[in-house]
Amino acid sequence: MLRLLALCALVGACSAEPAEERPSCGVVAWYRPLREGSRVELRASWEGWSIAHPMRPASDGWRALPLDPPPGEQLYAIVEDGVWKTDAAVGTTAFATVDGALREVTWIDSRGCAPSVAIESATASPTGAVTVVARVPGGATATLRDGRALPVTMDGGRARVSTTLPPGKHRITIASGAASAIATVWVGPEWDWRDAVIYEVMPDRFRAADGSPLAAPSPISARAGGHLDGVRRSLDSLIALGVNTLWLTPVYANARGTFPGLDGRPYTSYHGYWPVAPRAIAPELGGEAALDALIEDAHRRGMRVIFDVVPNHIHQDHPYAAAHPEWFHGTRNPDGTWANPCVCGTAACPWGENSLSCWFAPYMPDVDWRNPDAARTFADDVAWWIDRFDGDGVRIDAVPLMPRAAIRRIAHRVRAQFDHPGNRTLVLGEIFTGSEGYDALRFFMGPAGLDSAFEFPLMWSLRSALADRSGSMEAIDATFRAGEQAFAGSGAILSLIVGNHDVPRFVSVANGDGARDGWSPAPEPADPAIYARLGVALGIVFALPGMPTVYYGDELGLAGGGDPDSRRVMPATGTERMSAFARARACLVDLRRAPYRPLATDNERLVFQRGEVIVVATRNGEGRLEAPMPVTGDYVDVLTGARRTFTARTAFEEPTHSVRYYVPAGHACAR
């Protein structure tokens, strides 16, 4: 009866009729009807969908119902006047065939009343003093990732681990009986994902195993011979560049040989997006030993590592294709071939109405996330990569080509295993969109969805203003503010880019070679102004709220037309253009944490404030832009040491193709 009274207090009202007492470890479903007087019922998978439970009136027009699901994956739906709906208070959904119809319903991972371990806190001091506190159902043990035991003291139902550990990342498993939980601690500077500077590496195109430069492959779509050891040997130079987070494009075992692209030319799987195994590393890249060594060295240096995962599709040689054809869209013939798959973007299969079911190529089966076994397996495979190799996040490929239920399922799976107070595993999504694609981005964001996505609208705005110069600097401000409004309340930290592996390189767009066929390499631009415009774009990205993300070679102004030219090998040397911005961002906490405040903008200049920092980005220094200023006094540019005085109304006349990060004179980060 006490449990029932507690439920009454929770929902705000109870029926006068007697009700069955339910365990306190259950859950409560909530729903606010669209119409007063609606008949609202709840049906559940664990009852075979056969019983309709009326939901009870609660406060403020809401209905509620306590549930007692058994442990494991469970489904339920709320039915209002015959219309099936999901529980808006629960972020995860799945698909089920009920009454002959395929329906999207609420998905929960029920623990029932099973004993569990919950991490309450996990902290580390700069000197390495580590403390982990967990709620446990009984006695507990603690072990490091390498199996070493740590001392545990018990205080009632809490286990406390206190120890000293060296700089870097440490994973501590707290176990109590059959239950366990993972605590992650970093010994080093204070961090959250707003501090990240991400560097995208395509391992086959980066460095040879000994760290030496690679020769250009022939043909251009062939493997270049890059190796994970080459990435590992480059960590110190990346840190010197200002990188603290490494994004590896997929390192799965991939298809061997060549396969025709939609243009009829031969392509290999050098890029990693044609997996033939769910949990195996490409031997060409060095296998598990090389990945283990890379991550260990990165973590020891305080770097985070993000894995690229591919849950939208597989290659036809993947074992899942033969073993579980029902997991994929399309029909498999008796001889093992597929019957006329719907290939994305062809005349018979346009993108719009087929984006959730079409295949990238006739040899790449598309995952049907409506199948519960496929959904469970692919989500588990993503978690395996983080668990086995101690990853710090994932970048999910091709997000819009899967239902939102798939993205939320992956996010839930990752967070349930690896997140706790003080540790957030990054779930970053690729939602390739155009210049006004905020609705598409927002659709996948939020507490139950993605932590981050690539800010493609801003990328297009930067390219429009600074690469092909068809747009204006004030459009950059408008684009960024539109994004902030669109993502408000989502908690997202956007990944800010000037380019990636799916678009022509910035400098080639600026040089007029952006539309060049990817099989005809674009020349390196001869005009220094083109590289200066790239510098302005990078300077803006590093000054805005979000996570600056740099595609390998863009810090050098690497050229490249369309795919595959946009993925040419990393040069041996070059003039880098990002380290000054990265150093300033690392020193200036306001560039990482303070809100964006636009101050002035016109066709040629963008001026904004981040806390104490005044950022001035100039495309063309001719003329002047006058604006009222919220600050006055003497200021210093942390990038160049240039000095100037701000008055109540200030004229901006900075040089062409320049970026300034002004701070008050005497600031600790000033030159």
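No value in this document is a laboratory result; all are computed from the given coordinates. Being a predicted model, the structure only gives us computed values, none of them experimental. So basically every Cβ, Gly included, is an ideal-geometry build from the backbone, and we count neighbours across all protein chains shown.
Extents of the chain, taken as max minus min of Cα coordinates on every principal axis and listed largest first, are 80, 67, 57 Å.
Rounded to the nearest 10 degrees, the angle from helix 287-300 to the longest Cα principal axis of the chain is 80 degrees.
Rounded to the nearest 10 degrees, the inclination of helix 2-11 to the longest alpha-carbon principal axis of the chain is 50 degrees.
In whole Å, what is the distance between the alpha-carbon centres of region 261-289 and region 596-671? Centre-to-centre (Cα) distance: 47 Å. When the charge dipole of the chain is built from unit charges on Cβ atoms (+1 for Lys and Arg, -1 for Asp and Glu) and taken about the Cα centre, the candidate among 55, 147, 218 whose Cα reaches farthest toward its positive end is 147. Just so you know, the Rg over Rh for region 487-637 is 1.01, from Cα atoms, with Rh as the Kirkwood radius. Taking the number of Cβ atoms within 10 Å of each Cβ as an exposure proxy, the fewest-first ranking of 169, 85 is 85, 169. Against the chain, whose longest principal axis is taken from its Cα atoms, helix 473-487 shows a tilt of about 10°. For residue 251, neighbours were defined as the other residues whose beta-carbon sits under 11 Å from its Cβ, and their charges (Lys and Arg +1, Asp and Glu -1) total -4. Shown here is the pair-distance distribution of region 118-187: with all Cα-Cα distances grouped in 5 Å bins from zero up to the longest one, the shares run 4, 20, 33, 26, 13, 5, 1 percent.
The ranking of 433, 164 from fewest to most other beta carbons within 10 Å of each one's beta carbon is 164, 433.
Once you have the Kirkwood Rh of region 595-664 from its Cα pairs, apply Stokes-Einstein at 4 °C and 1.567 mPa s and quote D in µm²/s. Please report the intermediate quantities before stating the final value.
Numbers: Rh = 11.9 Å.
D = 109 µm²/s.
Between the C-alpha center of region 134-197 and that of region 60-83 there is a gap of 36 Å.
Sorting the segments 173-184, 385-396 by their mean number of nearby beta carbons within 10 angstrom, highest to lowest, gives 385-396, 173-184. For the chain, calculate the relative contact order in percent as a whole number, restricting contacts to Cα pairs under 8 Å that are 6 or more residues apart. 9 percent. Peptide packing for 237-246, 334-343, 106-115 was compared via the average number of neighbouring C-beta atoms within 10 Å per residue; ordered from the highest value, the list is 237-246, 106-115, 334-343.
The alpha carbon centroids of region 315-393 and region 535-577 are separated by 32 Å.
Taking other C-beta atoms within 10 Å as the exposure proxy, 34, 214, 556 rank 34, 556, 214 from fewest upward.
Using Cα pairs under 8 angstrom and six or more residues apart, how large is the relative contact order of region 118-187, in percent?
Value for region 118-187: 35 percent.
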